[in-house]
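Read the structure below first, then the notes.
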Amino acid sequence: MQDLSGRTAFITGGAQGIGLGIARRLAREGINLAIVDIDAAALEAAQSELENLTRVATHVLDVRNREAYALIADEVEENLGPVSLLFNNAGVAAAASVTKMTYDMWDWTLGVNLHGVVNGIQTFVPRMIRRGEAGHVVNTSSGAGLTATGAGFLYCTSKYAVVGMSEALRNELEAAGTGIGVSVLCPGPVATNIISHTIMTRPGATPREEMSQEALNRIKEKDNLLRQGVSIDEVGAMVLAGINKNSPYIFTDRFVESAVIERTERIIDCLPG
């Protein structure tokens, strides 16, 4: 998809982190932006930053809420035009010990990281198909969607699912001749606040003012590790390049290369002779 100017993009989790990096890059291409997020203050800041570059609509949305998703989709397409660029980006970096996992943690993690992507696809892809125009879907997974990492089993479960869904959806949309491409974004470390954001919004989270200094220091340490990664603006540029190339995968670095090779070799070694 080379001619993107004037198109409309819908970005979940678009007011901060990777979503904001994508929004900034698309804005410079003259693409209309529909940005949704659960953080109203972040949405206000994003709109203030981007509205001088392109048309911007912002909405507070929990991507798990299908009814709200459909209503916002209708409003966006009425005001900004048909969505042909979909970025299922909202996510949480959830983790829990195997000795302390709960249904609430499973439901929350899969609800945001997996069902949120499903809701975006089910809301917009049928509309794209009916219109018969070229489009593109970018689903944000992770390097942890390709190999089991220290990110934890909850996170890996959700991100592996997004990779498999993206691969299969891409193949079937291509076979059906829809003109809709699908890429899965598998970032490595990116300079965002996703760790602290996740910890503060997870089910049963302790309010920051009630947390011990030791707990606050651990959060700060994890955020500082991520800040050594690539910037959100670099990721935005990589995503746009991936769309233009119709790349099946978009990576931000080679962080998981050796782990992916090792996993692939283990799979092959386990195949029957």
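The values are calculated or read from the model by the stated rules, or taken from the named source; none is laboratory data. Just so we're clear, the structure is a prediction, and the values are computed from it rather than from any experiment. Because the Cβ atoms are built from the backbone with ideal geometry, glycine has one as well, and the counts that use them run over all protein chains shown.
Looking across 18, 22, 35, one residue alone is hydrophobic (A, V, I, L, M, F, W, C), within 30 Å of residue 178 (Cβ to Cβ), in contact with a Pro (Cβ under 8 Å, 6 or more places away or on another chain) and buried (at least 22 other Cβ atoms within 10 Å of the Cβ). It is 18. Once region 43-65 is narrowed to residues that are within 17 Å of the chain's Cα centre (by Cα) and in a loop (DSSP other than H, G, I, E, B), the residue that is surrounded by the most Cβ atoms within 10 Å (Cβ to Cβ) is 63.
Residues that are buried (at least 23 other Cβ atoms within 10 Å of the Cβ) and among the β-branched types (Val, Ile, Thr) do occur in region 110-130, at least one of them.
Would you pick out the residues in region 78-95 that are surrounded by fewer than 18 Cβ atoms within 10 Å (Cβ to Cβ) and in contact (Cβ under 8 Å) with a residue 40 or more places away in the chain?
81, 82
Number of residues in region 1-23 that are aliphatic (A, V, I, L, M) and either in a strand (DSSP E or B) or closer than 17 Å to residue 77 by Cα (or both) equals 3. The helices (runs of 4 or more DSSP H) falling completely within region 172-273 that include 1 or more residues that are at pLDDT 95 or above and more than 24 Å from residue 149 (Cα to Cα) map to 232-245. A residue that is out of contact with any Cys (no Cβ under 7 Å at 6 or more places or on another chain), on the phi > 0 side of the Ramachandran plot and either surrounded by fewer than 21 Cβ atoms within 10 Å (Cβ to Cβ) or aliphatic (A, V, I, L, M) (or both) occurs somewhere in region 139-154.
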